[in-house]
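Note sheet for the following structure.
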Amino acid sequence: SPSGYANIERQRQKLPVFRYRTAILYLVETHATTIVVGETGSGKTTQIPQYLKEAGWADGGRVIACTQPRRLAVQAVAARVAEEMGVKLGEEVGYTIRFEDVTTQGVTMIKFLTDGVLLREMMDDPLLTKYSIIMVDEAHERSIATDILLGLLKKIQRRRPELRLIISSATIQAKSMSDFFQPRKSRRRPDGEDLGPNMEPAVLSVEGRGFNVQIHYVEEPVSDYLRAAVSTVLLIHDQEPMGDILVFLTGQDDIDAAVQLITEEAQNRGKNSSGLMLVPLYSGLPRAEQELVFTPTPRGKRKVVISTNIAETSITLEGVVYVVDSGFSKQRFYNPITDIENLVVAPISKASARQRTGRAGRVRPGKCYRSAPFMLILSPNKVAFPLYVSMVTTRLYTEEYFAKEMSDEGIPEIQRSNLVSCVIQLKALGIDNILGFDWPASPSSEAMVRALEVLYSLGVLDDDAKLTSPTGFQIAEFPLEPMIAKMILSSGELGCSEEIITIAAVLSIQTIWVSGRGSQKELDEAKLNFAAAEGDHVSFLNVYKGFLQSGKSPQWCHRNFVNYQAMKKVIEIRGQLRRTAQRLGVVLISCERDTVVVRKAITSGFFANACRLDASSHDGKYKTIRGSQEVYIHPSSVLFRVNPKWVLYHSLVSTDKQYMRNVISIDPS
Ligand code: ADP
Ligand code: MG
């Protein structure tokens, strides 16, 4: 309505960034790169793209791009900006994430996308010619994709000086970003001659913030961050005025556990703690369930969103007044010596802590409880990650800890990850000298060498470390990890591509099982109905088959603890992967019941993740083939306690031990 629109306009003008509108537009006009630093909630993400559009940067069919590190943020922010502009999402304002494009060619002027998707677009359009401006938002996150993107954008600018960049964040170290974008030789501009934009980056600091957020730290040690978070939620509910709570934990496991603990506690306490509406949030959750987070809280209720760090940046949850920060997140750590990549619960950085705090105070004042302890206990001989160990501490998340011990920014992901996907992407973009690439932070040469080895053995690279034709190029085309792409390519020849594509689709979403309903025992029993002796991948095929046979029935899913939304997503992703496979000449064919070929195809991609049962141990210990590391089958696997002699895993998670998730037996049958 017109009055609603006027209201939104008034709100927009109240944001701190509004006073900088002219300055931002001037800097962007005159400088190739502008670095914008401003508090969370100052209006960077939602406003700057609109200012650019209003100033004409989307005229003549050009597009303004704004990248986000996470898919949830892309969708949420695009929806908000479309609402502010009074347009339908997917028209003037759109978004693209992997497997989902909500834009209209020739119509979309502002496009939100993940940095990974923008990298993929470079394969077809290396100079990103359709964009007039690219805003790399939340650049402090330093995902691998962001770092590759920054390096490539710098390169593109040398060829296309008219391309403008904006690098923005609340907590970015402007100096190091500015150094990175510094041209090698500064070009002097003789008077009167137009040499295009100034290549020296401009830095603009937006003063002012949204609403005040009071920060509370713990004073006494507590030994369990999960319980500490849970009791903080209950205390807030007992003692504080109405307002939703956003809790940051690390992953689905502890989120589900928190939901259960809060529910039990609330029941024990009786009516005082009723009225809580618990909403889990993690990336594996289907879209429809993630939506609950954004829907208005019913009157008289208090919503408690319990989230991983996917809610850490960019998004605004209108009802949130209180933030509870556990001080931990799940982080990827890779050790090139053992060649093991792992998800580990580790302390967050100050930058993350500030982002988490910044989820409150966006539409009203708020409070943030940094209430969790740092009590990670690792026995000295189990320590696998030198990087990680240096961050482990038994101190509390006290104010002193925050000030003195917490690192300012996390370690860039590129320095703690397996580089297989990164290397193939750069190769596909024609960057051959990867170590010589202009990185914002250089990866280790050991990790590079490991990645080159794997890619060589997958047949992706030749003796000169160039992409092989056609295999290397085909694998790079799939929007998937190279090992999964390889498995799909081989499946055509082995005659099981229909099955392998199903498996690839299931592996690309986090779980197909319902969580948080019924007991663990019920879920385990439901899973058992689909369990295959070969392992988890073949069990997925059984679930998929059952789902199709039920006529894709939601009731069937409900009965079997299968997540209906997840299965719909599997079908959608499967369709897209089939089209890509077909385009690349993979024969689409089913092997019916022959699981030997299915396992052969999986092996062709994942041989590097082979493990052998340690015959001398009786506790199900395996040794990795490449690094001789101790690993165990995860309890969620159908092969848990079955312990075949040889297995391949899809990924590892680390808690008390290193666990293999999604495991297939490769015992000769
Ligand atoms: P920044 O990127 O600087 O953190 P944003 O542009 O995301 O800031 O948001 C600025 C402000 O706009 C928020 O603090 C909030 O007041 C308002 N806002 C943004 N998104 C929403 C939303 N979905 N609902 C209500 N208010 C919103
Ligand atoms: Mg933002």
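The values are calculated or read from the model by the stated rules, or taken from the named source; none is laboratory data. No experiment lies behind these values; they were computed from the predicted model shown. Glycine gets a Cβ as well: all are built from the backbone with ideal geometry, and neighbour counts include every protein chain shown. Accessible surface areas use protein heavy atoms only, side chains included; no ligands, DNA or RNA. Shrake-Rupley method; radii C 1.70, N 1.55, O 1.52, S 1.80 Å.
Structure values in brief
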{"quantity": "Where a residue in the range 355-369 is more than 14 Å from ligand 2 (Cβ to nearest atom) and its partner, wherever it lies, is part of a loop (DSSP other than H, G, I, E, B) and open to solvent by 10 Å² or more (accessible area, probe 1.4 Å), with Cβ under 6 Å and at least six apart", "calculated": "VAL363/GLU318; ARG364/PHE211; PRO365/PHE211; PRO365/ASN212"}
{"quantity": "Tabulated pairs, the range 477-504, first open to solvent by 10 Å² or more (accessible area, probe 1.4 Å), second β-branched (Val, Ile, Thr) and in a helix (DSSP H, G or I), C-beta under 7 angstrom, 6+ apart or interchain", "calculated": "GLU477/THR580; LYS486/ILE475; LEU489/THR471; LEU489/ILE475; LEU494/VAL597; GLY495/VAL597; GLU499/VAL598"}
{"quantity": "In the range 264-298, the residues that are at pLDDT below 90, more than 24 Å from ALA566 (Cα to Cα) and surrounded by fewer than 18 Cβ atoms within 10 Å (Cβ to Cβ)", "calculated": "GLU264, GLU265, GLN267, ASN268, ARG269, GLY270, LYS271, ASN272, SER274, GLY275"}
{"quantity": "Condition broken by GLU92, with the remaining ones in (1) open to solvent by less than 10 Å² (accessible area, probe 1.4 Å); (2) farther than 27 Å from ILE424 by Cα; (3) more than 15 Å from ligand 1 (Cβ to nearest atom); (4) of a type outside the set (Val, Ile, Thr) satisfied", "calculated": "(1)"}
{"quantity": "Extreme residue, farthest from VAL259 (Cα to Cα), among residues of the range 317-338 that are hydrophobic (A, V, I, L, M, F, W, C) and away from ligand 1 (no atom under 16 Å from the Cβ)", "calculated": "ILE337"}
{"quantity": "Every residue from the range 242-263 that is out of contact with any strand residue (DSSP E or B) (no Cβ under 8 Å at 6 or more places or on another chain) and open to solvent by 50 Å² or more (accessible area, probe 1.4 Å)", "calculated": "ASP253, GLN260"}
{"quantity": "Residues that are assigned to a loop (DSSP other than H, G, I, E, B) and away from ligand 1 (no atom under 16 Å from the Cβ), drawn from the range 302-316", "calculated": "THR308"}
{"quantity": "Condition broken by TYR217, with the remaining ones in (1) over 30 Å from GLY275 (Cα atoms); (2) more than 16 Å from ligand 2 (Cβ to nearest atom); (3) modelled with pLDDT under 85 satisfied", "calculated": "(1)"}
{"quantity": "Options GLN157, GLN173: the member that is surrounded by fewer than 22 Cβ atoms within 10 Å (Cβ to Cβ) and more than 28 Å from ARG80 (Cα to Cα)", "calculated": "GLN157"}
{"quantity": "Residue in the range 515-526 that is assigned to a helix (DSSP H, G or I) and buried (at least 19 other Cβ atoms within 10 Å of the Cβ) present", "calculated": "no"}
{"quantity": "Sole residue being of a type outside the set (A, V, I, L, M, F, W, C) and assigned to a loop (DSSP other than H, G, I, E, B), chosen from ARG579, ARG661, ARG626", "calculated": "ARG626"}
{"quantity": "From the options GLU446, GLU400, residue that is at pLDDT 90 or above and open to solvent by 50 Å² or more (accessible area, probe 1.4 Å)", "calculated": "GLU446"}
{"quantity": "Test result for PHE607, open to solvent by 10 Å² or more (accessible area, probe 1.4 Å), assigned to a loop (DSSP other than H, G, I, E, B) and either closer than 26 Å to PHE530 by Cβ or modelled with pLDDT of 90 or more (or both)", "calculated": "no"}
{"quantity": "Subset of the range 340-365 [surrounded by 22 or more Cβ atoms within 10 Å (Cβ to Cβ) and assigned to a loop (DSSP other than H, G, I, E, B)]", "calculated": "ILE348, GLY358, ARG359, ALA360, GLY361"}
{"quantity": "Residue match in the range 44-60 (condition: touching a residue at least 12 places away in the same chain (Cβ under 8 Å) and more than 21 Å from TYR5 (Cβ to Cβ))", "calculated": "yes"}
{"quantity": "Qualifying positions in the range 559-576 - in a helix (DSSP H, G or I), more than 26 Å from SER491 (Cα to Cα) and touching a helix residue (DSSP H, G or I) at 6+ places or on another chain (Cβ under 7 Å)", "calculated": "TYR564, GLN565"}
{"quantity": "Segments classed as strands (runs of 3 or more DSSP E), wholly inside the range 39-122, with at least 1 members that are farther than 24 Å from SER508 by Cα and more than 14 Å from ligand 2 (Cβ to nearest atom)", "calculated": "63-68, 93-97, 110-114"}
{"quantity": "Residue satisfying condition, being surrounded by 24 or more Cβ atoms within 10 Å (Cβ to Cβ) and either of a type in the set (Lys, Arg) or within 19 Å of GLN425 (Cβ to Cβ) (or both), within set ASP115, ASP137, ASP125", "calculated": "ASP115"}
{"quantity": "Among the candidates SER314, SER307, SER352, SER326, residue that is touching a Ser or Thr at 6+ places or on another chain (Cβ under 8 Å), away from ligand 2 (no atom under 15 Å from the Cβ), of a type outside the set (Lys, Arg) and modelled with pLDDT of 85 or more", "calculated": "SER326"}
{"quantity": "Count of residues meeting criterion [out of contact with any Ser or Thr (no Cβ under 8 Å at 6 or more places or on another chain) and in a helix (DSSP H, G or I)] in the range 134-177", "calculated": "14"}
{"quantity": "Failed item in (1) surrounded by 19 or more Cβ atoms within 10 Å (Cβ to Cβ); (2) among the polar types (S, T, N, Q); (3) more than 14 Å from ARG599 (Cβ to Cβ), with SER539 passing the rest", "calculated": "(3)"}
{"quantity": "Failed condition for PHE180, given (1) within 16 Å of ligand 2 (Cβ to nearest atom); (2) at pLDDT 90 or above", "calculated": "(1)"}
{"quantity": "Test for ARG19: is it surrounded by fewer than 22 Cβ atoms within 10 Å (Cβ to Cβ), among the basic types (Lys, Arg) and within 10 Å of ligand 1 (Cβ to nearest atom)", "calculated": "no"}
{"quantity": "Residues located in the range 210-241, provided they are within 16 Å of ligand 1 (Cβ to nearest atom) and surrounded by 18 or more Cβ atoms within 10 Å (Cβ to Cβ)", "calculated": "GLY210, VAL213"}
